[in-house]
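Each value in this text was obtained by applying a stated rule to the coordinates, not by laboratory testing. The structure presented is a predicted model; accordingly, all values stated were derived computationally and were not measured. Using ideal geometry, Cβ is built from the backbone for each residue, glycine included, and neighbour counts are taken over all protein chains shown.
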Amino acid sequence: MGFRGVVLGCSALLLAACGLTAAPGSSVTGSPLASRAATEDPSTLVGSWLVVDAAGVESGTVLRIGEDLSLWQRCGYLMGSWRAGGVSLFTASLQGGDGACISSGRDLTPPWLAAASDYAVDTSGVTLLSRDGTVVARLRRGGRPTPGPNLLPALADPPTLTPALKATLAPPAPLPATLTPATRAQLVGSWVAAGAGPSTSGLVHAAAGVTFREDGSYSATDGCNGTAGRWAADSSGLVVTAGFSTLVGCDNVDVPGWLTKATTVGFDGAFLVLVDKDGQELGRLAHA
């Protein structure tokens, strides 16, 4: 699966019913979390979407969301991963694809998609929102990409909500009552794995941990293998996309794995505790 451990707990809610209708580039009044009486259902995101009302997007651009995520443009396609969870959190990142779509030194995730950290669903489709409630894109059903001559035609088929994918997208257990929910602002910064113990092989190259950046990007390491992607969070949950990683052997602490499996995060005193969809603790982090 293109998004390891994706756990996106939610249930459907109409955008119009929440008063969240807005013109592209405008702001939705109030925070998405504070203004919603129920959570969104991430399974409603599964499908092939025509991207409209997004800055710099060429006509006919298709965003395909299923077990992984792909963006289809005239140059070809880009592949990546996505996560959704909490009340209405959403994040996505692109890591590879057709060479014609890749420019040296440029982030593959376009700015409109990188800015998306929240979503809302109505009868016309999906609205992607930035952290401040600004509309960054609208997704309309019916998009169908055209695969190039070297791609399997099935790559253009609309994704289906299989039983396995539906189970993956099922609502997670709540944050354990012993933990205090963490806010996004509290997460920004660098964290290291707590209580990992000393290396026994001498192969650990750095302290295992993660840096959450204000712009929604992150970088993490298990001690010798690095990865990066995007994240979104509020007091209702945490979503982190998976990225490419090297496979160097060492006495590692799987902080990157914790992140992509986490659905909620909270504090136990000074420790930041990552929790999976079953309500089980994945690991603890301390401020670097």
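Backbone phi angles across region 111-128, fed through the Karplus curve with coefficients 6.51, -1.76 and 1.60 (θ = phi - 60°), yield HN-Hα couplings of x, 5, 6, 5, 6, 6, 9, 7, 9, 9, 10, 9, 5, 8, x, 10, 10, 9 Hz in residue order; Gly and Pro are listed as x. Compute the Cα gyration tensor for region 52-159, then decide on rounded, prolate or oblate, letting a ≥ b ≥ c be the square roots of its eigenvalues: rounded whenever a/c is under 1.5, prolate when a/b is larger than b/c in the other cases, and oblate in all that remain. Here region 52-159 falls in the prolate category. In loop segments of region 103-168 as defined by DSSP, the trypsin sites (Lys or Arg not before Pro) with at most 10 further C-beta atoms inside 10 Å of their C-beta are ARG106.
Highest average first, the peptides 143-155, 87-99, 211-223 ordered by how many other beta carbon atoms sit within 10 Å of their residues are 87-99, 211-223, 143-155.
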